Amino acid sequence: MITKIVNQLFYFYYILIILRIFLSWIQTIDWTQQPFNWLRSITDPFLNIFRGIIPPIGGVLDISPILAIILLQIMQGLVVGLLSGIGL
């Protein structure tokens, strides 16, 4: 039961990051307005870790979400695997 919930939380966060990527392509979005501000406040702390490692290429192309998604999937596999291994 706990394993399934944790797995779903990882999946939900993954979807939020994908949504953030797609919305970032729309130039007219005001990120200070809701619900965009909420989405940014949820996803950017994790994405900023990778933006600090690899800044946007040419100031335009941000590949930090790719790295974030890869790490998120690795973390999901490890955490969910550990939880299912101990029977939760």
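Close amide H partners of Ile63, meaning residues 5 or more places away or on another chain with modelled amide H under 5 Å apart, are Ile57. Across segment 35-45, computed HN-Hα scalar couplings (Karplus, 6.51 cos²θ - 1.76 cosθ + 1.60, θ = phi - 60°) run x, 5, 4, 4, 4, 5, 5, 7, 8, 5, x Hz from first to last residue, x flagging Gly and Pro. Taking all protein chains as they are arranged and a probe of 1.4 Å, the heavy atoms of Ile66 leave approximately 100 Å² accessible to solvent.
Model label sites at Ser41 and Phe12, defined 7 Å from Cα along the beta-carbon direction, differ in position by 1.7 nm. Relative contact order for the chain: 38 percent, from Cα pairs under 8 Å spaced at least 6 residues apart, divided by residue count.
The values are calculated or read from the model by the stated rules, or taken from the named source; none is laboratory data. Only a predicted model underlies this, so the values are computations on that prediction, with no experimental measurement involved. Reconstructed Cβ throughout: ideal geometry from the backbone, glycine too, with neighbour counts over all protein chains shown. Quick note on the areas: whole protein, heavy atoms, side chains included, nothing else; ligands and nucleic acids left out. Shrake-Rupley method; radii C 1.70, N 1.55, O 1.52, S 1.80 Å.
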